[in-house]
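Heads up, the thing below is written out as structure tokens.
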Amino acid sequence: MREESGSVPGELLASDLRLEEYLRGQYQLRGRAELVREAEQVQLAWRAPGYAADAKVALPAGAVTITVENQGLLAVILDLHRGKQSGPVWGWVMDITAVFLLLAGLTGLILTCWSARWRQVGLWTAGVGMVLVLALAVWAYWVG
């Protein structure tokens with residue numbers, strides 16, 4: 001975690017966009033920004049997979065306090081897996097991948113059913129796999 005303090009030039013305090021761009025450039029912040037303006041301060045938050053930055057700007061003085069947290073590679077992978085803070089394009093990537101994997105599984109099952117030699121083993125394997133997945137889902141629901 002990194003914490004920094006500083007000040008913002010007074011002319012930037014009136015414009016939300018200019019304030020956000022200044023802080024992003026001055027403190028090397030990244031991700032999607034959200035801004036909340038209150039009477040005594042402006043709060044900004046930048047979020048990206050595995051990354052969080054928060055800034056508080058005191059009004060009218062312009063004193064800024066920034067906290068940046070890089071959560072590491074595992075957090076990036078977990079956030080991308082969940083689709084958290086990754087944007088709408090990543091959601092489409094996950095959906096297209098899911099459709100591709102579903103089609104690959106179905107074509108494998110169809111090909112297994114066409115082969116008389118592997119039909120019985122393939123259907124038993126698919127059945128056992130479905131029962132295990134269902135049992136895992138029920139267990140996860142019950143425990144969680």
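Quick check: residue separation of A39 and A137 times 0.36 nm, minus the Cα distance between them. What number comes out in nm?
Working it through step by step, the gained length comes to 30.4 nm.
Modelling each spin label as a point 7 Å along the Cα-to-Cβ direction, I'd like the I110/R30 distance in nm, to one decimal.
4.2 nm
Can you tell me how much longer the chain between W124 and T97 gets when fully stretched, taken as 0.36 nm per residue apart minus their C-alpha distance, in nm with one decimal?
The W124-T97 span can extend by a further 7.1 nm.
Compute the angle between helix 16-26 and the longest alpha-carbon principal axis of the chain, please, reported from 0 to 90 degrees and rounded to the nearest 10.
Here the helix axis deviates by roughly 80 degrees.
Mind pulling the angle between the C-alpha long axis of helix 87-114 and the longest principal axis of the chain? Nearest 10 degrees, somewhere in 0 to 90.
Compared with the principal axis, the helix lies near 10 degrees.
Over the chain, what is the relative contact order in whole percent, taking alpha-carbon pairs under 8 Å and six or more residues apart?
Relative contact order for the chain comes out at 17 percent.
Treating the angle as unsigned and between 0 and 90°, give the value, to the nearest 10°, between the Cα long axis of helix 119-143 and the longest Cα principal axis of the chain.
40 degrees
Taken together, the values in this text are just the output of simple stated rules run on the coordinates, not laboratory data. It should be emphasised that the depicted structure is a prediction, and the values quoted were computed from it without experimental measurement. All Cβ positions, even for glycine, are placed from backbone atoms using ideal geometry, and neighbour counts span all protein chains on display.
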